[in-house]
Amino acid sequence: FMVTIAWDDRSRIRLPSIDNHHKYLLQLINQLYDNISSGATPHILDEVFNNLDDYAIYHFTIEERWMQGQLYPELASHQLEHATFKEHVAELRDRHLRRDSYALLKTLTFLYHWLTTHIQGSDFQFGQFIARNTAQSLNNAPAPLETECAGQGAEPTTLSHSINCSTSNT
């Protein structure tokens, strides 16, 4: 049987664009689990790692830009967590490419840990910081995603370089 992780309020930091990024990561985690469970080919799993790279580059850039704009006092430690994520994913990808039999399980475990510690911990704290400074935050929030989707009454749903916009389901 398949076990997937459902989106819930523990992962929500109440910043719609960031929450959408986190939902995308949750989809990647569930996709990885499904691929492992179904015995997916290495080629399919390579694509999961490509998506993780895209996620890290795109999401971390947006999140850190927002934090800089808000003069978030924990920015430096947050950037360090992001750098550690990228390094760890690169190491896991290398293990996967060497066909290390434990690489996929280690990747799944790492991503679940990231969800529960970073998103539900560090990112949640940032959301709380923003909530305390709501008016200022809304004026200084970076909006490249929203700008891409402007006029469509939509929120972005993917993090690829060619952003697709669709109606938000939050």
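Miscellaneous remarks
- Qualifying residue in segment 25-40 (condition: in a loop (DSSP other than H, G, I, E, B) and either touching a residue at least 12 places away in the same chain (Cβ under 8 Å) or within 15 Å of His118 (Cα to Cα) (or both)): no
- Some residue of segment 114-135 being at pLDDT 55 or above, in a helix (DSSP H, G or I), open to solvent by less than 30 Å² (accessible area, probe 1.4 Å) and of a type in the set (S, T, N, Q): yes
- Among the residues making up segment 78-113, a single one is aromatic (Phe, Trp, Tyr), open to solvent by 90 Å² or more (accessible area, probe 1.4 Å) and within 14 Å of the chain's Cα centre (by Cα): Tyr112.
- Boolean, Asp19 is open to solvent by less than 10 Å² (accessible area, probe 1.4 Å) and either part of a helix (DSSP H, G or I) or free of Cβ contacts under 8 Å to residues at least 24 places away in the same chain (or both): yes
- Search result, residues across segment 42-74 that are open to solvent by less than 60 Å² (accessible area, probe 1.4 Å), over 16 Å from the mean Cα position of the chain (by Cα) and within 18 Å of Ser17 (Cβ to Cβ): Gly69, Gln70, Tyr72
The values are calculated or read from the model by the stated rules, or taken from the named source; none is laboratory data. Treat the numbers as computed from the prediction; the structure is a model and nothing was measured. Cβ atoms come from the backbone with ideal geometry, glycine included; neighbour counts cover every protein chain shown. The protein model used for the area step is the full one, side chains on, heavy atoms only, and it has no ligands, DNA or RNA in it. Shrake-Rupley method; radii C 1.70, N 1.55, O 1.52, S 1.80 Å.
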